[in-house]
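Taking it in order: structure first as structure tokens, then the write-up.
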Amino acid sequence: MHIRKFDFDYSRRNFMEKTAKGILTAGVLTPLWPLIAHSADITKAYPDELLSIEGYTKGKIKTGDLITADNVELVKNLLDPVAYRQVKEMGRRIRIVASTRDVTRMYPHEYLEATLRNKGKAKLDQDGNVVTTDGKPWIGGNPFPEGTSANEVFANLTLCWGRHDNSVYAVRDWEIGPDGDVSYQYDFVWVEENTVARVGAGGPYLKGLEDKLRFQSVFFTSPADVKGTSYLNTWHYDQRKFPDLVGYLPAFKRVRKFPTNQRFEPLVAGMALYLSDAWAAGDPMLTWGNYKIVGRGPFLGAVSENWYGDHANWERPVHGGPKGQTFFETQMELCPEVIVVEAEPVGYSRAPVSKKRVWIDVRNMMYVAYVTYDRRGEIWKQFEPQYSLYEKGGARVLDGKNTAWSWTGVHCHDIQSNRMTRFVQAKTVAGGVSSGYNQAGLYEKYLTEQAMQRLGT
Amino acid sequence: MEAMELRHRLARFALGHRFLVLTVMALATAFFAVGLQRIEVRTIFSDLFPKNHPFVQAYKDHPNFGNPLTITVMVKRKDGKDLYQPETMKKIWDMSREIDLAPGVDHDQILSIATEKARYTVVTADGIYSNPIMDDHPPTTAEELAEVRRRVNESAGARTFLVSEDGTAAVINATFIERLVDYGQLFTFVQDLVARERDEAHEVYVAGWPMLTGWVYFFGSDTAKIFGVTLALMFVLLALHMRNVAGIVTPVIVSAVSAVWGFGLVGWIGHPVEPLLMVVPLLLIARCFSHCVQATERYYELLQQFGDKHKAAETSLVSLMWPGTLGIFTDVVGLLLVAIAPIPALERFALFTGLWALNLVPTGVFLTPVMLSLLPRPKNLDHLLATEGQGGALQRGMQTLLVGIGRFAVGRRARFTAAVFVVLSALALVEMFRIQVGNPVEGSNLLRDDSQFNVAVREINRNFPGLMTLEVIFEGKSGRIVRQADTLGTMQALQHCLESGPNPPTATLSFADYAPEANRVFNGGNPKWAPLDPDDASAAAAAGALMVGTNAKAYLHVTDFEQENGTVSLWYPNNKQATVDAALVEARKCIDQVGTSHPNFLIRLGSGSIALQQSINDTVDLYQWYILGALNLVILIGCSFAYRSFAAGLVLLVPVNLANVFLTAAMSLVGLGLDVNSLPILAIGIGVGIDYGIYLLTRICEEYHLAHKDLPLAIRSALTTCGKAIFFTASLMTLGIAPWYFLSELKFLSDMGLMLVVVMLINMVLALLLVPLLVYLFRPRFLESDISVLSESVEPAPGGLRVSVATL
């Protein structure tokens, strides 16, 4: 039965009121997190209009339909401005899938358990860093699943990027120029290992590394002219400090130290993605500032059914743009509630960016869209991550005992120069490295300067 | 006869259905008025160049090499101190940050010693540090200032291209994205920035093509002022001459209608109008005025004779329909033929102005008599027509002058006049071939020599390698060629050849200049590691070292985003034609020396400001002859057909071509170069000149029959009737246009005004003197034939006699 009181306008009024009053409790009909803690089913927290595209569009768009230039106006308010332009002007198509009501499908299992287990144990200390109530580094899961401030919401993104204790992402990347041609293609491996806030059996901290947050490296495996080129980022737990960044070039067998604040440059030629852009939280959280919540409401996000486990190497079809290869095939669902947060790069005197705006899904506190603005206040780049539970048909990937959840692809579109960086998490890349999660021995294998030199030979 | 009947039928219809004609005209005017809202006046940079020229094709294939959409801001101490002072450093820092806020700027292509892209590299035991020359703030203490000075001195790129040799000036370069840039907005933004930063110790200079366009936009407001002055002057002159309602109101209304049609059509077509060429519409309004005055004068002659407005109007339409249309046809052809030059901005200009000129047929030819017939009968006809000595001083003065001119075209003086013409023409021809094609100044010839822009160009050229580059493009056939040894080696060989030649550039730069430094630094810093091994592995390693952790856009000036093409940039001290010519000669010689075609790349000359400037000059040099030839051909065919005589075509063409010779000689004498802006003048000049010739020749033929083949009498009669209208309209236009020379800050507009005045005067003199002279000297056979199709006579008379309406 449809209760008129809880129609679309009710939801809209509710979101506006909550934003205006600074109320951050997720859920329209009832608070979200008690439901998640109870059964992981969010159905009762939102009216139908926020849980199905049919309800939102009054039946004009149905689950399974494609969003194209012909009907994108109906969902214009559910897309970031660049995604809207991609569909309206550049031939992009987006397939709508059913909204996820079971939030266990939006987290790695252990991470969700830690989030629930540690709920209420985090606080921001006087410096702005996340600590436990007894002042120690964070112990795992989202520290603020029901964040009450923009800083708390953003801390959920920053503390554990990939939501596994460690991850190896085998990445295939394509750089698409304004003419629609592929200007560069890279294979690289992205490795993350949290030193604190761990959720596995070994406890929340790696012994002796409690002053760090994570190690993260990137090493290129193809093409030949960049093979062996690698970077190593060492993040401090104190989010006021810049990470230490070193690079390695195999041809010279030398490590190059980069200026610590030089984070608005790509890793290799052709990429539109900067270090600052990783996970919408690529810089230490407190090197940015003026965090504020600027809105909330429903949104279209690529948060489910985006794993192409039935395709070769998990790669996927492309379409759109001048040569029909600018965009990945993507599935999006109606996310009933996202929080829109803005922040400014206050710690970077030369930042070419004036602010970023990030749309964060309240169900898992992961970002679903992110745009940066130039210093004139015009949109510069858009980042659209795509996530999925790693199961499709009979295929499944485990992150231990459970089905893995991870990102599957990313669009990074410099809308001003119209260059697209798009990449997928592939099964394997050149050099034979495969994607995987929660593996032992990653630190020695990938996350030291010695490892960089060894991998570069 | 059929044609004659047609013009009668058309005239009868137009005057018999005046309100229908007016209604249709009003509806058409309303339709075009709607189009006025859609007019877009803007510059499209790439459309200003000849699309087929190899240099322009090279530019379009590789737009980022020598990117003309770059502005250069130079901050210079003017108190004798060097720039390593806190306040100067702060200015450089602030301006580098501020320019990033400019509309349409490419955020990744801003370069100064304050941006993070200007780096110095330090090799230590722990690795290689590549840091910005300035830290995260402008230096303020003595130690910080000394450190920045040291870093600049250790960075070859910064020392050459970002800081002047004497250390008193620094530049900030910013490149813009063409589809995002609005030159007017950008100009205002930069001028505000400059005004804020300029003080008693610092001068700030700004140059670059976007700024030049900005200045043109800025002075565009002058165009409206000049429009106003020209129209007001013409109106006053018209009022003084006519002194009656019909004679004043009709040209004003008809010209206004024609303008609405002309502008409205371009609005509907949707083509942007180049702001520099906005003055040509003003000229077309003046042309409409001129046609209208011709028709009005004719109407008055007929009104004097018939005494009936309706009959006079209908008869004047009959009499002027074919000569008027033929004159307009030559205007239209002249303007449309400008499109022969394959420059998109000129192609649009040709279409716009050609169609506008075409609308003079319905407006100037048809609407004028309809309007005249509806307006009150003038009471000063005797005065206007100067009949029986009743005219005013102005009228009598004109009569006297024209009779005097006629005396030089006939009788014994004719041979003397011809001899003078021959001598003058010979001298003019000699001078004509001395004209310089291209830019005779340092900076832009569009602006005055002492304009802020040209001063900035000279100052920047004086302190830095220069603003003008010639790009020698290395176009890849396969692979990322700047990672290949052959490419880097050939670039170095080419640079060496040019730098050791007789006219060396002030600086050269290529990707090959960066690679050895990367090789040295990444190999531990010892200078002995700078030279690259001559193999692809070493080249690729050096290129990889340069690109790692750096946006590929940082090197867009030397290699494209994909590293599949590269360029060798050559700076020259100025863009004067002699410099350009010498640069091209040397470049071609050195390219031949290193070889044009290599296994993986092809060397193309070229792009950059110097090449683009040359592409225009080459095109103007070539296509002015094509346009001239085509104009002559079309006019010859058209006029020969109209007069049924090849000789008539020749008689008409001689004066207009001579006018062109005299104009070019005059330009050469006053130091003006022949460039893209002079092409429309060429076409307009010929179009105007031939008009005068047609009207006068037709009248001479007609008067010849009426005067029983007394040619001197016929010439005298033609000159004092039709010649008077020619004299008046030419004077009207000349006086209207003359103020352009004094009023405009744009040198282009001043020059154009001057050239137009000169060409109009030359055309007038040649039409009034040379056409009768040629007719008198050669007495062509078409004088004897029936040219009633074209004649201004209106009725066939029994016995073959025609009743002239202009036997004054």
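The values are calculated or read from the model by the stated rules, or taken from the named source; none is laboratory data. For clarity, every value in this text was computed on a predicted model and none was experimentally measured. Note that we place each Cβ from the backbone using ideal geometry, even for glycine, and neighbour counts take in every protein chain shown.
Conditions (1) surrounded by fewer than 22 Cβ atoms within 10 Å (Cβ to Cβ); (2) away from every other protein chain (no Cβ under 14 Å), marked per residue:
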| position | (1), (2) |
| --- | --- |
| A:159 | no, yes |
| A:170 | no, yes |
| A:203 | yes, yes |
| A:253 | yes, no |
Go through (1) more than 9 Å from chain B (Cβ to nearest Cβ); (2) assigned to a loop (DSSP other than H, G, I, E, B); (3) buried (at least 22 other Cβ atoms within 10 Å of the Cβ) for residue A:226 and report which single condition fails.
(1)
Of all residues in the range B:520-539, how many are surrounded by fewer than 17 Cβ atoms within 10 Å (Cβ to Cβ), more than 9 Å from chain A (Cβ to nearest Cβ) and assigned to a loop (DSSP other than H, G, I, E, B)?
7
Quick one: would you say residue A:129 is at pLDDT 95 or above, under 28 Å from residue A:242 (Cβ atoms) and within 17 Å of the chain's Cα centre (by Cα)?
no
When you scan the range B:118-217 for helices (runs of 4 or more DSSP H) that lie fully inside it, which ones turn up with 2 or more residues that are closer than 19 Å to residue A:259 by Cα?
B:142-154
Name the residues in the range B:437-454 that are surrounded by fewer than 20 Cβ atoms within 10 Å (Cβ to Cβ) and in contact with a strand residue (DSSP E or B) (Cβ under 7 Å, 6 or more places away or on another chain), would you?
B:437
Does any residue of the range B:247-270 turn out to be over 23 Å from residue B:329 (Cβ atoms), under 30 Å from the mean Cα position of the chain (by Cα), in the same structural domain as residue B:357 (by TED's automatic domain parsing) and not in a helix (DSSP H, G or I)?
yes
Taking the condition assigned to a strand (DSSP E or B), away from every other protein chain (no Cβ under 14 Å), within 15 Å of residue A:150 (Cβ to Cβ) and among the small types (Gly, Ala, Ser), does residue A:369 pass?
no
For the range A:372-380, check the following and say yes or no: at least one residue is at pLDDT 95 or above and either away from chain B (no Cβ under 14 Å) or within 14 Å of the chain's Cα centre (by Cα) (or both).
no
List every residue pair whose Cβ atoms sit under 9 Å apart, with the two residues 6 or more apart in sequence or on different chains, where the first one lies in the range A:389-412 and is at positive phi and the second, anywhere, is surrounded by 22 or more Cβ atoms within 10 Å (Cβ to Cβ) and part of a strand (DSSP E or B).
A:400/A:437
Breaking point among (1) free of Cβ contacts under 8 Å to residues at least 12 places away in the same chain; (2) closer than 14 Å to residue A:218 by Cβ; (3) not charged (D, E, K, R), for residue A:440:
(2)
Considering only residues that are farther than 19 Å from residue A:275 by Cα and facing another protein chain (nearest Cβ under 10 Å), look in the range B:540-560 and name the one that is surrounded by the most Cβ atoms within 10 Å (Cβ to Cβ).
B:542
Here are some residues: B:113, B:92. Which one is within 21 Å of residue B:175 (Cβ to Cβ), in a loop (DSSP other than H, G, I, E, B) and within 14 Å of chain A (Cβ to nearest Cβ)?
B:113
Among the candidates A:232, A:245, single out the residue that is within 20 Å of residue A:214 (Cβ to Cβ), within 11 Å of chain B (Cβ to nearest Cβ) and assigned to a strand (DSSP E or B).
A:245
When you scan the range A:255-268, do you find a residue that is of a type outside the set (Phe, Trp, Tyr), away from chain B (no Cβ under 14 Å) and out of contact with any Pro (no Cβ under 9 Å at 6 or more places or on another chain), even just one?
no
The listed residue being at pLDDT below 90 and over 33 Å from the mean Cα position of the chain (by Cα), out of B:329, B:306, B:289
B:306
Is it the case, given these coordinates, that residue A:272 is aliphatic (A, V, I, L, M), buried (at least 23 other Cβ atoms within 10 Å of the Cβ) and within 12 Å of another protein chain (Cβ to nearest Cβ)?
yes
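Each row is one residue, and each column tells you yes or no for (1) touching an Asp or Glu at 6+ places or on another chain (Cβ under 6 Å); (2) assigned by TED's automatic domain parsing to the domain that holds residue B:322; (3) farther than 30 Å from residue B:615 by Cβ.
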{"site": "B:629", "(1), (2), (3)": "no, no, no"}
{"site": "B:661", "(1), (2), (3)": "no, yes, no"}
{"site": "B:697", "(1), (2), (3)": "no, yes, yes"}
{"site": "B:704", "(1), (2), (3)": "no, yes, yes"}
Just to be sure I understand, how many residues within the range A:344-355 are buried (at least 21 other Cβ atoms within 10 Å of the Cβ) and touching a helix residue (DSSP H, G or I) at 6+ places or on another chain (Cβ under 7 Å)?
0
Selection over the range B:561-578 where residues are in a helix (DSSP H, G or I) and either facing chain A (nearest Cβ under 9 Å) or touching a residue at least 12 places away in the same chain (Cβ under 8 Å) (or both) yields a count of 1
Would you pick out the residues in the range B:218-245 that are touching a residue at least 60 places away in the same chain (Cβ under 8 Å), part of a helix (DSSP H, G or I) and among the polar types (S, T, N, Q)?
B:223, B:230
Checking the condition closer than 19 Å to residue A:450 by Cβ and free of Cβ contacts under 8 Å to residues at least 24 places away in the same chain, which residue from A:221, A:229, A:234 passes?
A:234
Within the range B:498-513, the residues that are surrounded by 22 or more Cβ atoms within 10 Å (Cβ to Cβ), out of contact with any Cys (no Cβ under 9 Å at 6 or more places or on another chain) and assigned to a helix (DSSP H, G or I) are B:511, B:512
Can you tell me how many residues within the range B:535-552 are of a type outside the set (Gly, Ala, Ser) and farther than 18 Å from residue A:456 by Cβ?
4
